[in-house]
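Below is one structure, written out as structure tokens; the observations come after it.
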Amino acid sequence: MDEHEVVEDVHGFNGLPTAQKRRSILRFLDRRDYSRFLKDLQSRRLRGAEALDVRSLGLIQSISCPADRICLPPALQGRVVWEEDVPVAIHALPKGAIVKEKGIPWGVRHIQASRAWSKTTGFGVRIGVIDTGVDYMHPDLRHSLERGINLLNRMAPPQDDNGHGTHIAGTIAAANELQGMIGVAPRSTIYPVKAFDHNGTAYVSDIILGIEWCVRNQIHIVNMSFGMKTKSRALLSAVNSAFRSGVLIVASSGNDGRTGEIDYPAGFSNTVAVGASTRAGRIAKFTNRSGLIDIYAPGDRIMSSWLRGKHREMSGTSMATSHVTGATALLLALKPHLSPAQLKSVLKSSTSPLRTSKAPRSAGELNVVRMIKLAEQL
């Protein structure tokens, strides 16, 4: 087996100028090949070879490396699958105004979350938010956060330098009703996974590393308010692995207003695909929509936490996704033994009908009261 030839190939690309670098993902179909490759790579490093920017994606027995495209040696043909490590972007429309509104935001009221708090507040549920990080100093979130991880700088905390992740976290689990706001599941716990930079961009491999971290740390639900048009087989493999491990991924459909198609990872069957709705209970104009969407939730002009202790209105399927993630936490705290497939089934089966729309759909709008009633019958 010639794993060392792949190491040589990767090493050759490492000398390219940074501006020219594109990343690749190599997925080994046989775990023994993957183990031998890692052993060979480690041996070279121990012998003092130049450090290679090769990242191990153990969840799917793959590597990510800076290479345009690697020519596999004949011995590995059919044993390793190549794909480009493409960029991914967060799902949000242009930022709205900074606001001073307090209390329960309209989206949290609209899905009737507060009517379930006498029975469940999400206590004990661990939520991974793979995003731009979170503002750890925000008063709305100080009781809702654990350390998490910064995949861009392992030595630093996952502090938000964009705002998007803080906004998502606020809708899910803010717990400061008197001075700030309260989220859908105010006693759930968020573990921020910073995979996106200050511009709101990441690589597929960053997302896979985030999913792997969540699986290893026994996270229950993962919020993915981002997407891409490309169908990544590596990301699909990671999503399916998480699903089999008992982790439910909630993903946003995208904001391009397309009909008949949605972004990935929402387009994968083992996620909960979320579209955005308005105050009037209609599908938001900006949301992507198709029969692949599992549920709609408030995503238009959503007020939530922002950097430096502030609050901001934002719109997008990102915001809708965070409502569904919070509702899933309420459900899981009430029925902790439900599997990802059962959680998804309850969410889809308990929705309220949306108002008349010409958009193709089979999904309804999130309704927490109906969700809890259905769950109590299980």
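Bear in mind that the values in this text are calculations on the coordinates, not laboratory data. Predicted model only: the values in this text are computed from it and were never measured. Cβ placement follows ideal geometry from the backbone for every residue including glycine, while neighbour counts extend to all protein chains displayed.
Here are the numbers:
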read-out: Pairwise FRET efficiency - residue 77 versus residue 154, Cβ, R0 = 30 Å, nearest 0.05; value: 0.30
read-out: Choice from 305, 339, 252 showing the highest fluctuation, given a GNM over the chain with Cα pairs closer than 10 Å; value: 339
read-out: Simple Cβ-charge dipole of the chain, Lys/Arg +1 and Asp/Glu -1, about Cα centre, in debye nearest 20; value: 1240 debye
read-out: More than 16 angstrom apart: percent of Cα pairs within region 66-180; value: 72 percent
read-out: Estimated [θ] at 222 nm from DSSP helical runs (n ≥ 4, -39500 (n - 2.57)) normalised by residues in the chain, nearest 500; value: -8500 deg cm²/dmol
read-out: Residue exposure sequence - 325, 120, 189, 230 - by fewest surrounding Cβ within 10 Å; value: 230, 189, 120, 325
read-out: Within a Gaussian network of the chain (alpha carbon springs, distance under 10 Å), most fluctuating of 260, 281, 246; value: 260
read-out: Gaussian network model of the chain, Cα within-10 Å springs - most flexible of 63, 207, 168; value: 63
read-out: Förster radius 41 Å - calculated FRET efficiency between residue 102 and residue 29 (Cβ-Cβ, nearest 0.05); value: 0.15
read-out: Cα gyration tensor shape of region 165-323, rounded if a/c is under 1.5, else prolate or oblate by comparing a/b with b/c; value: oblate
read-out: Filtered GluC sites (Glu not before Pro), region 73-128: DSSP coil and at most 14 other beta carbons within 10 Å; value: 101
read-out: Cα long-axis angle, helix 31-46 against the chain (0 to 90 degrees, to the nearest 10); value: 70 degrees
read-out: C-alpha long axis of helix 164-173 to longest principal axis of the chain, angle in °; value: 50 degrees
read-out: Table column - 3J(HN,Hα) (Hz), region 97-111, Karplus curve with 6.51, -1.76, 1.60, x for Gly and Pro; value: 7, 5, 10, 10, 4, 10, x, 9, x, 4, x, 5, 5, 4, 7
read-out: Sites residue 118 and residue 342 - FRET efficiency at Förster radius 30 Å, r taken between beta-carbons, to 0.05; value: 0.80
read-out: Footprinting exposure proxy for 318, 56 (fewest neighbouring C-beta atoms within 10 Å first); value: 56, 318
read-out: Gain in span if fully extended, residue 198 to residue 362, counting 0.36 nm per residue against the direct Cα distance; value: 55.4 nm
read-out: Environment charge of residue 150, counting only residues whose C-beta is closer than 14 Å and scoring Lys/Arg +1, Asp/Glu -1; value: -4
read-out: Which of 187, 31 has the fewest Cβ neighbours within 10 Å, and the rest in rising order; value: 31, 187
read-out: Kirkwood-based shape ratio for the chain, expressed as Rg/Rh from alpha carbons; value: 1.00
read-out: Nearest-ten-degree value, helix 340-349 long axis tilted from longest Cα axis of the chain; value: 40 degrees
read-out: Cut-off 10 Å between beta-carbons: net charge of the residues surrounding residue 376, Lys and Arg +1, Asp and Glu -1; value: +3
